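The values are calculated or read from the model by the stated rules, or taken from the named source; none is laboratory data. The model shown is predicted, which means the values in this text are computed figures rather than measured ones. We place every Cβ from the backbone using ideal geometry, glycine too, and count neighbours over all the protein chains shown. Each accessible area value is taken on the protein alone, full model and side chains, heavy atoms only, with ligands, DNA and RNA left out. Shrake-Rupley method; radii C 1.70, N 1.55, O 1.52, S 1.80 Å.
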Amino acid sequence: MGAGHAHKLYRHGHSPVHALPAHTKLVAVLGFVVAVVSTPREAMWAFGAYALLLAAVALTARIPAAYLLKRLTVEVPFVAFAFLMPFVVPGETTDLLGVSVSVPGLWDAWNVLAKGTLGVGASVLLAATTELRELLLGLQRLRLPPTLVQIASFMVRYGDVITDEMRRMSVARRSRGFEARGVRHWGVLAKSAGALFIRSYERGERVHLAMVSRGYTGTMPVIDEVTATGAQWRRAAALPLTALAVCLLGWTL
């Protein structure tokens, strides 16, 4: 797998979290998220414990709180959806700040906000401490289907290329006096989208032919074979195992 592109979420560092192999961090985040999702929503203290766990990881990785909170804004659409739930979910009602809201809706909103925020926070920490190329190599190391890994790799590699192509098309339209102001301009935008799709498809065919001519047989060569020691696996397992213990306590208390 060739060299990857740096992504905006990655924060360069030399912390113990940065040093862990990508596949160990992927397994750790997956285990943490499973534990969070499995926790009963009534165990509110457990979600506070999960937040402290993530804060400890961020402190170890030397990720500033402001940096992490800024990246959490990606979940704003889910937050907006959660705020609507107390007003649309049927069931017993109660007064909250003088407004009648649904009790089941409040619990559902809390469930979405708590678990969603913790899941996004764990993902942001993973992205902030792992380069994109390492993530793809980690997925390959975990024996994910090679086709899926290759699709993800090409999506990352050519995403910026397609975005630049779209930007050039937009500049060309504006230089000719076009400005989308209403429904009557949707036809032009649809034709532009079609042209972008055709160009992207043709580029994909050219890249595939170039790869085949260089010996591509359906699998990408692994340049760096990354392995993890037992100590690295134990350090990575600290997060999901602690989260699992909290989850079990949440069910028993």
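Structure data summary
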{"item": "Selection count where residues are open to solvent by less than 50 Å² (accessible area, probe 1.4 Å), without any contact (Cβ under 8 Å) to a residue 60 or more places away in the chain and within 18 Å of the chain's Cα centre (by Cα), scope region 150-168", "result": "2"}
{"item": "Filtered residue count, region 216-253, keeping only those that are assigned to a loop (DSSP other than H, G, I, E, B) and within 27 Å of H23 (Cβ to Cβ)", "result": "14"}
{"item": "Unmet requirement for T147, which otherwise passes all of (1) open to solvent by 50 Å² or more (accessible area, probe 1.4 Å); (2) at pLDDT 90 or above; (3) farther than 21 Å from L68 by Cβ", "result": "(2)"}
{"item": "Subset of region 177-215 [open to solvent by 40 Å² or more (accessible area, probe 1.4 Å), over 30 Å from R143 (Cβ atoms) and assigned to a loop (DSSP other than H, G, I, E, B)]", "result": "G177, F178, E179, A180, R181"}
{"item": "Flag if T94 is more than 26 Å from L9 (Cα to Cα) and surrounded by fewer than 18 Cβ atoms within 10 Å (Cβ to Cβ)", "result": "yes"}
{"item": "Set R141, R133: member being touching a residue at least 60 places away in the same chain (Cβ under 8 Å) and under 23 Å from G204 (Cα atoms)", "result": "R133"}
{"item": "Any chance T130 is surrounded by fewer than 11 Cβ atoms within 10 Å (Cβ to Cβ) and within 28 Å of K8 (Cα to Cα)", "result": "no"}
{"item": "Those residues of region 21-66 which are of a type outside the set (G, A, S), open to solvent by 30 Å² or more (accessible area, probe 1.4 Å) and under 22 Å from Y10 (Cβ atoms), in sequence order", "result": "L26, V27, L30, V33, L53, V57, L59, T60, R62, P64"}
{"item": "Qualifying residue in region 104-113 (condition: open to solvent by less than 20 Å² (accessible area, probe 1.4 Å), touching a helix residue (DSSP H, G or I) at 6+ places or on another chain (Cβ under 7 Å) and farther than 30 Å from P16 by Cα)", "result": "yes"}
{"item": "Breaking point among (1) of a type in the set (A, V, I, L, M); (2) open to solvent by 30 Å² or more (accessible area, probe 1.4 Å); (3) free of Cβ contacts under 8 Å to residues at least 24 places away in the same chain, for V79", "result": "(3)"}
